[in-house]
1. First obtain the Kirkwood hydrodynamic radius of region 5-114 from its Cα pairs, then insert it into the Stokes-Einstein equation at 20 °C and 1.002 mPa s, and state the resulting D in µm² per second as a whole number.
2. Averaging sequence separations of C-alpha pairs under 8 Å and six or more residues apart, then dividing by the length of region 5-114, give the relative contact order as a whole percent.
3. Over region 1-68, calculate the relative contact order: mean separation of alpha carbon pairs under 8 Å at least 6 apart, over the residue count, as a percent.
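Read-outs throughout are calculated quantities, based only on the coordinates presented, and are distinct from any laboratory measurement. Only a predicted model underlies this, so the values are computations on that prediction, with no experimental measurement involved.
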């Protein structure tokens, strides 16, 4: 590998552009592959370690290994199918299982964690034990202190009034368990507030 592994890992962990996270829940596998290609300069490989196709049991399971130089990560994914599924449904399930396993493997390099931590209600997003997120937070605070341009932390909009959410709105949403839809503080449905931390 021409690029040092430590530099590849640093590039893998970089923040994605705003709007990369879909429906405040996930990053499409194409984005992961693009990042992997760019960070490694196309020097990576994928190996399907296991592919269990069990239409009679109603599932397809894939285990995939992603290698970068001498290092690797393994990922897995189980995709449900209806017993007796036709060939098209089976092919789709296999693709979804393999692609999902690939994303799970790449995720172990913390790809997209910074973006995912900013969206939705993820319990792990404020955990002080995740050093990547703490470094990002310190970097953002340092940038604010020096007066340099700070990247916008959100392009999220309230599902009711369509106004862009503020940082305060997003912080407030994180305190409400099981809320998966974006609302500004004024439009959070009252039934969610009974479980608020």
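1. On the way: Rh = 14.7 Å.
Stokes-Einstein gives a translational diffusion coefficient of 145 µm²/s.
2. On the way: 183 pairs, mean separation 30.7, N = 110.
Worked out over region 5-114, it gives 28 percent.
3. Numbers: 58 pairs, mean separation 17.7, N = 68.
Result for region 1-68 is 26 percent.
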